[in-house]
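*Asks:* First the structure, then my questions, so here it is.
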Amino acid sequence: MPTKEWLAEYEKKRAFTRCPNDLNAYFTLDMLAGKRLDRLSLGPVSLPTGRVLVRDPLVYLDDEEEPYFQTVPAGEYEAVACVVAPADGDCARYAAVRVCFTDAPAVRFEEALLGSEDLSAFEDGEYFGFNVDAGLACICDEAARDAFCVFAALWSDAHPEENLYDDYFAALFAENYRKHPRYQREGGDWLNWEVPGARLHMPIFQSGFGDGTYPVYFGYDGAGNLCQLAVQFIDIEMAYGEERA
């Protein structure tokens, strides 16, 4: 949990954590910056404790990874991607993925934080984000993190010469593509994975333009209640607006 000193600094800098984009537009508009947008359900995400993480599951998901200090309403919810539809030879790009916890619309989005970041030099226009090195991200609960770590350790022990993605996940992604080819490449771009033995859903999905550092935001309604989580991979207006210039 964050210290009192950290929380005091956070309140001073909280305005700097606001998302510069209207993420609601990603999930309501059909066109933005000259690009056609669509939505794609990635299935359920299980959040039994309300302590949520967004990480690259193949590189940065272990038992030392901490959830965000803000908790969300426990339950099972739908994860939905905002897709920049394929055009001009490019594949579909997932610009954002969100999870709505209530029906209330978000009126502001602020970056989800761990509660341990160094805020001393944090300025407007910056973000902390999470790192992606395998072109994939996932949304999961702390309980799913723990179950995943147990599964990954047991699988590695049983397959010492094999790779978790190439020899386990790749076939699942390809199968999901065959079942749900819409807005996926042949090898698969998303998977609603149920952690073996845990009955916890952990959606895994492509990270927009690939590897990098990406912000995660919590949406708050007009009453100040946390109502959404949104992972932003692409600033659509910045990335594609130049194409129209």
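The values are calculated or read from the model by the stated rules, or taken from the named source; none is laboratory data. For clarity, every value in this text was computed on a predicted model and none was experimentally measured. Virtual Cβ from ideal backbone geometry, glycine too; neighbours counted across all protein chains shown. Just the protein is used for accessible areas: all its heavy atoms, side chains included, with ligands, DNA and RNA removed. Shrake-Rupley method; radii C 1.70, N 1.55, O 1.52, S 1.80 Å.
*Asks:* Would you calculate, for the chain, the mean residue ellipticity at 222 nm contributed by helices, counting each DSSP H stretch of 4 or more residues as -39,500 (n - 2.57) and dividing by all residues, to the nearest 500?
*Replies:* Rounded to the nearest 500, the figure is -6000 deg cm²/dmol.
*Asks:* Pop out the carbon and sulfur fraction of the accessible area of region 1-112 as a percent, whole number, probe 1.4 Å.
*Replies:* 51
*Asks:* Where does each of 228-238, 194-204 land if you order them by average Cβ count within 10 Å, highest first?
*Replies:* With the highest mean Cβ count within 10 Å placed first, the list reads 228-238, 194-204.
*Asks:* Classify region 1-43 as rounded, prolate or oblate from the Cα gyration tensor: take a ≥ b ≥ c as the square roots of its eigenvalues, call it rounded if a/c is under 1.5, otherwise prolate when a/b beats b/c and oblate if not.
*Replies:* Oblate is the answer for region 1-43, as a/c is 1.5 or above yet b/c matches or exceeds a/b.
*Asks:* To continue, here is another question. Size of the dipole of region 18-128 about the Cα centre, Lys and Arg at +1 and Asp and Glu at -1 on the beta carbon, nothing else charged, in debye to 20?
*Replies:* Rounded to the nearest 20 debye, it is 580 debye.
*Asks:* What accessible area per residue comes out for the chain, rounded to a whole number of Å², with a 1.4 Å probe?
*Replies:* Normalised by residue count, the accessible surface of the chain is 48 Å².
*Asks:* If the chain between Thr71 and Arg39 were fully stretched, how many nm would it gain, using 0.36 nm times the residue separation less the Cα-Cα distance?
*Replies:* Separation in residues times 0.36 nm, less the Cα-Cα distance, equals 8.9 nm.
*Asks:* Dipole size in debye (nearest 20) for the chain around its Cα centre, Lys and Arg Cβ +1, Asp and Glu Cβ -1?
*Replies:* 940
*Asks:* Hey, with R₀ at 30 Å, roughly what FRET efficiency would Phe151 and Cys91 work out to, going by the Cβ-Cβ distance, to 0.05?
*Replies:* 0.55
*Asks:* A follow-up question, please. If only Cα atoms are counted, what is the Rg of the chain, and what is its Dmax, in Å?
*Replies:* Reported Rg and Dmax, both Å: 17.9, 54.
*Asks:* For Lys12, list the lysines whose Cα falls under 27 Å from its own Cα; do not include residues on the same chain fewer than 8 positions away.
*Replies:* Lys4
*Asks:* Further question: Sorting check: for 24-33, 79-88, which peptide has the highest mean count of neighbouring beta carbons within 10 Å, and how do the rest follow?
*Replies:* 79-88, 24-33
*Asks:* Less than 9 Å Cβ to Cβ from Cys227, Lys/Arg counted +1 and Asp/Glu -1: what total charge do the surrounding residues give?
*Replies:* Computed value for this residue: -2.
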